[in-house]
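J.: I'd like to ask you about the structure that follows.
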Amino acid sequence: MFKTRLISGAVLLIIAYFSLCQNGVLLALILLLLSVAGMIELYKIDKPSTNTVMFIGLITASAYYVILYMNGFSILLQMPVVIGFLAISFVFVIKYPKIELKDITLGIVGIIYLPVMLSYIYVLRNLENGFISVWLIFFGSWGADTCAYCVGMLIGKKKLAPVLSPKKSVEGAVGGVMGAAVLSLIYAVIFNRLGYLNFKYIYVYPAVSFCAAIISIYGDLFASGIKRKYNIKDYSNLIPGHGGVLDRFDSVIFVAPVVYYTLKTLESLF
């Protein structure tokens, strides 16, 4: 299992690298495919009373990424989300009382949780120095997770959330947050020395990753809470050794918008 997980992780990193080398239609398409796969996983664990809800969610995700690619991060992005909500609400009225309120909730959560949250990877990638900055998302999620695992295995004693995730420790969480900040510091220093980044990013990047790593823990626990609620081990077996999109990208989903807004805020302050 460890070997399979290691190989799959390496493949994911390679795919992530070559995907992020692109800042156009290919990256948008990959994020859309991830969103669709994750939405299907989410809808499967608590299947809506009608497939129409899932269909509307997937159409909304597709429309969202088309508008994102064509117009960028604009107010027009609200349109497919609002229309998707109205369409799902319409289905609730038409099919009442055969449809349940949870179907409406699941449909809307699916739209916001995956396509909207993941789209910040695309938005961040298209900023100035976007190819450098976008990796903060992965330092704050996958990097923090790796550091937390190592520290937790070595000195972890106090349980962080024994009900949601018994293996996570407070010590591991602290190690993950600090590890993400240190990784980003080293990263910023290297690119500053190479002449690609202004000096201010030597303290901006670690601050961003520090915040991102904290949110990463929450994102991981959120996904774990859903799995425990429905008594499942993994969302799917799409990624060998890792489970599904929601298993591997649970923290990335939460971290992406946090990195974008934290980075933009700190850039404006400094």
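J.: May I ask for the Kirkwood hydrodynamic radius of region 149-191, worked out over all distinct Cα pairs and given in angstroms to one decimal? If you can, show how the numbers build up before the last one.
T.: On the way: mean 1/r = 0.0907 Å⁻¹.
Value: 11.0 Å, from the Cα pair sum.
J.: Got the relative contact order for the chain handy, in percent, Cα pairs under 8 Å and 6 or more residues apart?
T.: Numbers: 358 pairs, mean separation 55.6, N = 270.
Across the chain, relative contact order equals 21 percent.
J.: Right, next: Separation of region 37-51 and region 199-270 by C-alpha centroid, Å?
T.: Between the Cα centres of region 37-51 and region 199-270 lies a distance of 22 Å.
J.: Tell me the per residue accessible area of region 142-270 using a 1.4 Å probe; a whole number in Å² is fine. Mind showing how you got there, number by number?
T.: Values: 6770 Å² over 129 residues.
With the other protein chains kept in place, region 142-270 gives 52 Å² per residue.
J.: Now a separate question. Counting only Cα atoms, I'd like the Rg/Rh figure for region 185-230, Kirkwood definition for Rh. Show your work: numbers first, answer last.
T.: Working: Rg = 16.1 Å, Rh = 12.3 Å.
My calculation of the ratio gives 1.31.
J.: Kindly identify region 35-148 as rounded, prolate or oblate by the Cα gyration tensor criterion: order the square roots of the eigenvalues as a ≥ b ≥ c, call it rounded if a/c is under 1.5, otherwise compare a/b with b/c, prolate if a/b is larger, else oblate. Before the final figure, lay out each step's value.
T.: Working: a/c = 3.51, a/b = 1.67, b/c = 2.10.
In terms of gyration-tensor shape, oblate.
J.: Just need the Rg to Rh number for the chain, please, alpha carbons only, Kirkwood Rh. Please report the intermediate quantities before stating the final value.
T.: Details: Rg = 19.2 Å, Rh = 19.5 Å.
Rounded to two decimals, Rg over Rh is 0.98.
J.: Sticking with this structure for a sec: So how exposed is Thr60, as accessible area in Å² (1.4 Å probe, rounded to 10)?
T.: We get 10 Å² for Thr60.
J.: Counting only protein heavy atoms and using a 1.4 Å probe, what share of the accessible area of region 89-201 belongs to carbon plus sulfur, as a whole percent?
T.: Working: 4180 of 6000 Å².
After summing per-atom areas, the C and S share lands at 70 percent.
J.: Tell me which trypsin sites (Lys or Arg not before Pro) from region 192-245 have a DSSP coil assignment and no more than 16 other beta carbons within 10 Å of their own. Don't skip to the answer; put the middle values down first.
T.: Numbers: sites: Arg193, Lys200, Lys227, Arg228, Lys229, Lys233; in loops: Lys200, Lys233.
Of the trypsin sites (Lys or Arg not before Pro), the ones in loops of region 192-245 whose Cβ has at most 16 other Cβ atoms within 10 Å are Lys200, Lys233.
J.: Right, next: Report, in debye and to the nearest 20, how large the dipole of the chain comes out about its Cα centre when Lys and Arg carry +1 and Asp and Glu carry -1 on their Cβ.
T.: Here the size comes out at about 620 debye.
J.: What percent does the relative contact order of region 48-109 come to when contacts are Cα pairs within less than 8 Å and at least six residues apart? Don't skip to the end; give the middle numbers.
T.: On the way: 44 pairs, mean separation 29.6, N = 62.
Relative contact order for region 48-109 comes out at 48 percent.
J.: Sticking with this one: With every atom except the alpha carbons ignored, what do you get for Rg and Dmax of region 125-270, in angstroms?
T.: Reported Rg and Dmax, both Å: 16.0, 50.
J.: Filter the cross-link list Lys44/Lys168; Lys200/Lys264; Lys98/Lys227; Lys168/Lys200; Lys229/Lys264 down to pairs whose alpha-carbon distance in this structure exceeds 24 Å.
T.: On the way: Lys44/Lys168 27 Å; Lys200/Lys264 13 Å; Lys98/Lys227 26 Å; Lys168/Lys200 34 Å; Lys229/Lys264 36 Å.
Violating the 24 Å Cα-Cα cut-off are Lys44/Lys168; Lys98/Lys227; Lys168/Lys200; Lys229/Lys264.
J.: Only Cα pairs within less than 10 Å get springs; with that Gaussian network setup on the chain, which residue of Ser19, Ser184, Ser133 has the largest fluctuation?
T.: Ser19
J.: Express in nm, to one decimal, how much length is gained between Ile94 and Ile14 on full extension, taking 0.36 nm for each residue of separation and deducting their alpha carbon distance. Provide the component values of the computation, followed by the final result.
T.: Working: separation 80, 0.36 × 80 = 28.80 nm, distance 4.64 nm.
Separation in residues times 0.36 nm, less the Cα-Cα distance, equals 24.2 nm.
J.: Additional query: Under 5 Å between amide hydrogens, which residues at least 5 positions from Leu160 or on another chain qualify, with H placed 1.01 Å from N in the peptide plane?
T.: Sorted by chain and number, the residues that satisfy this are Lys168, Ser169, Val170.
The values are calculated or read from the model by the stated rules, or taken from the named source; none is laboratory data. Everything quoted here is computed from the prediction, not taken from an experiment. Positions of Cβ are generated from backbone atoms using ideal geometry, with glycine treated the same way; all protein chains shown enter the neighbour counts. Side chains are part of the model used for accessible areas, which takes the heavy atoms of the whole protein and leaves out ligands, DNA and RNA. Shrake-Rupley method; radii C 1.70, N 1.55, O 1.52, S 1.80 Å.
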